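Student: One structure coming up, written as structure tokens, with questions to follow.
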Amino acid sequence: MFGERDDLDPPRPAHFGIPPDALSDERPDPRPEEARRMGLSRHTEEGAVLYFASSLSRDKPRHRMIAWILLITFAAPAFYMLLLLL
């Protein structure tokens with residue numbers, strides 16, 4: 001379960017008469033090529049954050065807000081440590 005990679009799933013039978021390959025064209029994998037090569041999938045902690053962040057669209061205002069919140073969340077500890085060192 002946790003050690004399985006989602007990009008190596010075997011082909012499954014058609015669901016409701018739709019072939020499995022038909023859905024892959026509609027929802028492409030948003031992960032960067034480097035993440036695929038490293039084996040990061042949505043089943044790992046780092047891969048889940050990467051998968052979520054790469055699925056955000058810059059055209060939607062809510063997605064931009066979430067991206068800023070993510071940036072602040074991950075940059076705040078580093079900024080705080082920098083202030084403590086100075």
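Student: Quick one: Glu34 ticks every box in (1) out of contact with any Leu (no Cβ under 9 Å at 6 or more places or on another chain); (2) surrounded by fewer than 11 Cβ atoms within 10 Å (Cβ to Cβ) except a single one, so which number is it?
Tutor: (1)
Student: Okay, moving on. For the range 43-67, enumerate the residues that are exposed (fewer than 14 other Cβ atoms within 10 Å of the Cβ) and touching a residue at least 24 places away in the same chain (Cβ under 8 Å).
Tutor: Ser54, Ser55
Student: Take the residues in the range 56-79 that are assigned to a helix (DSSP H, G or I) and of a type outside the set (A, V, I, L, M, F, W, C), then tell me which one is farthest from Arg31 (Cα to Cα).
Tutor: In the first step, residues of the range 56-79 are kept if they are assigned to a helix (DSSP H, G or I); the result is 61-79.
Filter once more, so that each one left must be of a type outside the set (A, V, I, L, M, F, W, C): 61-64, 73, 77.
Details: Pro61: 21, Arg62: 20, His63: 17, Arg64: 18, Thr73: 21, Pro77: 25 Å.
Per the stated criteria, the residue is Pro77.
Student: Which ones in the range 68-86 are exposed (fewer than 11 other Cβ atoms within 10 Å of the Cβ) and either touching a Phe, Trp or Tyr at 6+ places or on another chain (Cβ under 7 Å) or of a type in the set (A, V, I, L, M) (or both)?
Tutor: Taking the range 68-86 as the starting set, the residues that turn out to be exposed (fewer than 11 other Cβ atoms within 10 Å of the Cβ) are 68-69, 72-73, 75-86.
Listed by number, the residues that qualify are Ile69, Ile72, Ala75, Ala76, Ala78, Met81, Leu82, Leu83, Leu84, Leu85, Leu86.
Student: What is the residue count in the range 41-80 for residues that are over 9 Å from the mean Cα position of the chain (by Cα) and acidic (Asp, Glu)?
Tutor: Of the residues in that region, 2 qualify.
Student: Considering only the range 69-86, state which residues are hydroxyl-bearing (Ser, Thr, Tyr) and farther than 14 Å from Val49 by Cβ. I'd like the intermediate steps shown before the answer.
Tutor: First pass over the range 69-86, keeping only residues hydroxyl-bearing (Ser, Thr, Tyr): 73, 80.
The answer is Tyr80, and nothing else.
Throughout, read-outs are computed from the coordinates displayed, never taken from laboratory work. Keep in mind the model is a prediction, meaning the values are calculated, not measured. Cβ sites come from the backbone with ideal geometry, for glycine too, and all protein chains shown count toward neighbours.
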